[in-house]
Each structure stands twice: as C-alpha cells, then as structure tokens.
Amino acid sequence: MTGDSSLTFAVETSAAPMPASERSALLENPGFGRIFTDHMVTIRYKEGQGWHDARVHSRRPLEMDPACAVLHYAQEIFEGLKAYRTQDGGASLFRADANARRFRASAERLAMAPLPEELFVESCRQLVKADRDWIPGGEGAALYLRPFMIASSVFLGVKPADEYLYMVIASSVGAYFKGGAPSVTLWVSEHYNRAGPGGTGAAKCGGNYAASLLPQKEAIAEGCDQVIFLDTIEQKWIEELGGMNVFFVMDDGSMITPPLGGTILPGITRDSLLTLAADRGLTVREERYSIDQWQADAKSGRLRETFACGTAAVLTPIGRVRGRDGLDFTIGNGGPGMQTEQLRAALVDIQRGLAPDPHNWVERIF
Ligand SMILES: *Cc1c(COP(=O)(O)O)cnc(C)c1O
C-alpha cells in the first residue's frame with residue numbers, strides 16, 4: 001500500500017519568519033546551500049497506514065531516537081531541483097515530474113516506500129508557495145529544493161524500515177559560478193570507484209556521496225577541482241563526476257556521453273541536453289569512452305570540448321585532466337568551449353522562461 005496520492009497538506013505558516021530586511025541582505029549573495037528558508041514539508045509513511053500527515057510548517061530541527069534506522073544503515077535518498085523566479089514575479093519548476101520518477105526509482109532500489117509521484121510534485125509546489133519570498137531573482141539564481149527521505153523506524157535489525165519520513169527543505173542559491181562557469185581541472189580517480197555493477201550507482205542516495213568524499217579529497221589535495229570516476233571492472237571507461245554527468249564534444253559538433261547502465265546516475269540535465277542536442281540536429285552517441293581515447297582525442301584535436309552537467313551548476317566546462325603517473329592533458333585551449341556555452345544558454349533560457357518550451361518542461365506555480 002503506497003497510500004493516497006492526493007493527500008491534503010496542512011499548512012502552518014511560520015510564526016517567526018525572518019524579517020524582510022534580513023532576508024534581503026542574505027539574498028544579495030546567497031552562495032550555494034547555506035541560506036535556508038522559513039518552511040519545510042514533512043510527510044510520514046507507516047506500513048499498513050501508507051502515506052499520511054502531509055504538512056508545510058516552520059523549518060525546525062528534527063528530534064530522533066538514536067536507534068533510528070537511517071543513522072545506522074544509511075537508508076536515505078534525495079533529489080535536487082530548482083524553482084525559478086519568472087520575469088513577471090511568479091515562479092516555475094523545471095521537470096519536477098522527472099525528479100519524482102527518479103525519486104521513486106531510488107526508493108525502490110533502497111527498498112524504501114515509494115512516494116507517489118504526484119505527491120512529490122505537490123510537495124515541491126507547496127514549499128515554493130510557502131517560501132515565495134525566498135526565490136532570488138538574479139541571473140543564475142534560484143530556489144534550490146532538496147526533497148529527501150529517511151528510514152525512521154527505531155530498530156537495529158538489518159531490514160528495510162517500516163516507517164519513513166519524507167521532507168523537503170529549500171535553499172536560496174546564487175549563480176553557482178558568477179559570470180559564467182570557469183573551466184575546472186579534474187583528477188582521474190585510480191584507487192576508488194563511485195559505484196559498481198549491481199550497486200546503487202543509478203540511485204540518488206547519500207551513501208554514494210559518502211563513498212565519493214575520500215577520492216574528492218584526494219583530487220583537492222592534488223590541486224584539482226573535482227574527481228572523475230572510471231568503471232570498476234576495467235578501470236578504463238569514463239563514468240561521471242561525484243555529482244555530475246559528462247559530455248564530450250568532437251570537432252564535427254557531435255557529442256559522446258557515457259551510457260546509463262546502472263553505475264551512472266541518470267541526470268535530468270543530461271537527459272534534457274540529449275533532447276536539446278537532437279532538436280539542433282546534433283548527433284549524440286551514448287557510448288563508452290575510455291580515458292586513453294579521451295587523452296588521444298584531446299591531443300589530436302578531434303575532441304574540442306568536455307563539460308560536466310547537473311542541476312546545481314548546470315554546465316561546467318572541463319579544461320584540464322590530471323591523474324597518476326603524470327597523466328596531464330588540456331582540452332581545447334583549456335577555457336570554456338563554444339558548444340558548451342550555446343547548450344548552457346539554450347537550457348537556461350528555457351528554465352527561466354526566456355525561450356519557448358517545446359517539450360513542456362516548465363510548470364508555472366503561481
Ligand atoms: C544528481 C546527480 C547528477 C546530476 O543529475 P541532475 O538531475 O542533472 O541534477 C549526476 N550525477 C550524480 C552522481 C548525481 O547525484
């Protein structure tokens with residue numbers, strides 16, 4: 001039983017919202033993931049009862065028993081999507097239905113109760129309405145929504161929980177990179193992988209991130225910005241970054257992106273770019289691409305650009321790649337590429353309502 005997908009939300013507006021002057025000061029330079037809004041959503045699940053008790057209320061700390069299952073066995077999943085301020089002061093969501101679908105798939109992989117997709121989307125709408133004053137309007141700014149779900153049973157036995165707590169919090173964010181994304185340098189992880197066949201690589205779960213932190217730390221220690229992972233079996237095929245998918249742009253404008261196959265997170269930005277590329281008549285092959293080929297193509301000039309993509313930073317140009325044993329190569333001139341910039345602009349314009357939306361990706365909330 002998954003419960004009623006048409007639950008009514010009880011809305012309890014915060015009795016002590018942040019004063020407007022303080023909020024405006026924070027929104028001037030929000031950064032990423034550090035400014036939080038006045039409200040949150042909670043919905044509970046209990047086996048036999050299904051989903052119930054949907055609420056919007058003031059953002060506040062959780063109280064939980066130290067034996068709460070999530071604290072021990074990491075049965076947790078999350079999502080990340082943005083609400084945008086429209087030109088006329090309204091608000092819109094971008095492909096929230098796709099996040100709902102992926103959240104459901106992640107829940108199934110982690111043996112958690114799947115949240116009805118319509119309830120997921122409605123929870124996002126509810127929070128955006130409650131926190132409408134927190135949507136920053138500047139270029140690249142948005143209200144970042146973080147839906148997530150934890151196993152909330154109080155039990156130390158190793159089995160799927162029978163109680164879950166779903167929540168949505170929101171964070172006002174500025175442009176991830178001010179004035180367009182600068183190129184980043186990647187470190188190719190050799191000792192560590194992100195996900196293996198049969199594992200949880202295709203699920204958006206906190207555990208995958210926990211496993212990526214040590215290699216990310218290694219990348220930083222090597223003077224790089226981000227880590228890029230190879231496949232676990234041959235240590236040869238490019239998979240993705242810790243939290244972004246990757247595209248390779250060839251000299252004829254065609255692109256390659258690694259195929260989804262269980263070890264790669266099916267990014268909604270990735271999927272949107274596949275569609276936008278097809279709209280523009282660009283060929284994209286979802287095909288394995290090796291680290292050796294990447295280096296050879298960068299050297300010969302057959303490869304022109306490489307970029308990473310995800311909701312938070314949209315498109316991030318990759319200028320240089322380094323790794324063990326002196327691996328070091330530059331892509332193009334090391335700076336942001338033209339096609340990367342054009343695709344970024346095409347996607348962002350749809351998200352912000354500045355261009356037609358032929359695929360019905362944008363939902364107006366108010
Ligand atoms: C969230 C995520 C992405 C990007 O997905 P989007 O839907 O485009 O934001 C890519 N890789 C990993 C590992 C992720 O967790």
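No value in this document is a laboratory result; all are computed from the given coordinates. All of these numbers come straight from a predicted model, not from anything done at the bench. So basically every Cβ, Gly included, is an ideal-geometry build from the backbone, and we count neighbours across all protein chains shown.
Holding the Cα-Cα limit at 25 Å, pick out from LYS82/LYS236; LYS236/LYS299; LYS204/LYS299 the pairs that are longer than that.
Values: LYS82/LYS236 34 Å; LYS236/LYS299 18 Å; LYS204/LYS299 35 Å.
LYS82/LYS236; LYS204/LYS299, as the Cα separations exceed 25 Å there.
Assign unit charges at the C-beta atoms only (+1 for Lys and Arg, -1 for Asp and Glu), then state the dipole size of region 179-351 relative to its Cα centre in Debye, rounded to the nearest 20. Show your work: numbers first, answer last.
Numbers: 15 positive and 21 negative charges, 33 e Å.
Here region 179-351 has a charge dipole of around 160 debye.
Which percent, nearest 5, of DSSP beta bridges in the chain are antiparallel?
Numbers: 56 of 68 bridges.
Of those bridges, close to 80 percent are antiparallel.
What residues qualify as long-range amide H neighbours of GLY31, i.e. H under 5 Å apart, gap of 5 or more or another chain, H built at 1.01 Å from N?
Counting only residues 5 or more places away or on other chains, the set is GLY174.
What residue among LYS204, LYS159, LYS129 has the largest mean-square fluctuation in a Gaussian network model of the chain, using Cα springs under 10 Å?
LYS159
Counting only helical runs of four or more DSSP H residues, what would the 222 nm mean residue ellipticity of the chain come to if each run contributes -39,500 (n - 2.57) and the total is spread over all its residues?
On the way: 8 runs with 92 residues, N = 366.
Helix contribution divided over all residues of the chain: -7500 deg cm²/dmol.
In units of 2.2 N^0.38 Å, what is the alpha-carbon radius of gyration of region 179-351? List each step's numbers first, then the result.
Values: Rg = 14.9 Å, N = 173, 2.2 N^0.38 = 15.6 Å.
Here the answer is 0.96, to two decimals.
Using +1 at the C-beta of Lys and Arg and -1 at the C-beta of Asp and Glu, which of GLY33, PHE94, PRO114 has the Cα lying farthest in the positive direction of the dipole of region 10-174?
PHE94
How long are the three semi-axes of the equivalent ellipsoid of the chain, in whole Å, if each is the root of 5 times an eigenvalue of the C-alpha gyration tensor, listed from largest down?
Details: eigenvalues 241, 129, 69 Å².
Over the Cα atoms of the chain, the semi-axes work out to 35, 25, 19 Å.
I'd like the orientation of helix 206-221 relative to the chain: the angle between its Cα long axis and the longest Cα principal axis, in ° from 0 to 90, rounded to 10.
Result, in degrees: 40.
Which of MET250, PRO336, ALA298 sits farthest toward the positive end of the charge dipole of the chain, with +1 on the Cβ of Lys and Arg and -1 on the Cβ of Asp and Glu?
PRO336
What size of dipole, in debye to the nearest 20, comes out for the chain about its Cα centre when the only charges are +1 on Lys and Arg C-beta atoms and -1 on Asp and Glu C-beta atoms? If you can, show how the numbers build up before the last one.
On the way: 37 positive and 45 negative charges, 58 e Å.
With only Lys, Arg, Asp and Glu charged at Cβ, the dipole is about 280 debye.
Output the peptides 294-302, 226-234 sorted from most to least packed, where packing is the average of other Cβ atoms within 10 Å over each peptide's residues. Don't skip to the answer; put the middle values down first.
Numbers: 294-302: 15.1, 226-234: 19.2.
With the highest mean Cβ count within 10 Å placed first, the list reads 226-234, 294-302.
Roughly speaking, what is the centre-to-centre gap between region 284-315 and region 17-67 when only Cα atoms are used, to the nearest Å?
38
Restricting the count to DSSP beta bridges whose residues both fall in region 179-351, what percent are antiparallel, rounded to a multiple of 5? Display every interim value, and only then the final one.
On the way: 18 of 28 bridges.
Among the beta bridges of region 179-351, antiparallel pairing accounts for roughly 65 percent.
In sequence order, what are the phi-derived ³J(HN,Hα) couplings for region 16-27 according to the Karplus relation 6.51 cos²θ - 1.76 cosθ + 1.60 with θ = phi - 60°, rounded to whole Hz, with x for glycine and proline?
These are the phi-based 3J(HN,Hα) values: 9, x, 5, x, 4, 5, 5, 4, 4, 4, 5, 6 Hz.
Can you work out the Karplus-derived ³J(HN,Hα) for every residue in region 355-362? Use 6.51 cos²θ - 1.76 cosθ + 1.60 with θ = phi - 60°, whole Hz, and x for glycine or proline.
Calculated HN-Hα couplings, in order: 9, x, 10, x, 9, 6, 8, 9 Hz.
Decide, for region 27-151, between rounded, prolate and oblate: order the square roots of the alpha carbon gyration tensor eigenvalues as a ≥ b ≥ c, take rounded if a/c falls under 1.5, and otherwise choose prolate if a/b is larger than b/c, else oblate. Please report the intermediate quantities before stating the final value.
Working: a/c = 1.98, a/b = 1.65, b/c = 1.20.
It comes out prolate by the Cα gyration axes.
Indicate the gyration tensor shape class of region 140-207 (rounded, prolate or oblate), computed on the Cα atoms with a ≥ b ≥ c the square roots of the eigenvalues: a/c under 1.5 is rounded; otherwise a/b larger than b/c is prolate and the rest oblate.
Details: a/c = 3.98, a/b = 1.36, b/c = 2.93.
Oblate, because a/c is 1.5 or more while a/b does not exceed b/c.
What angle do you read, to the nearest 10 degrees and between 0 and 90, between the alpha-carbon axis of helix 117-130 and the longest principal axis of the chain?
So the inclination is approximately 80 degrees.
Can you give the Rg to Rh ratio for region 288-340, taking only C-alpha atoms and Rh from Kirkwood? Before the final figure, lay out each step's value.
Numbers: Rg = 11.5 Å, Rh = 11.7 Å.
Rg/Rh for region 288-340 comes to 0.98.
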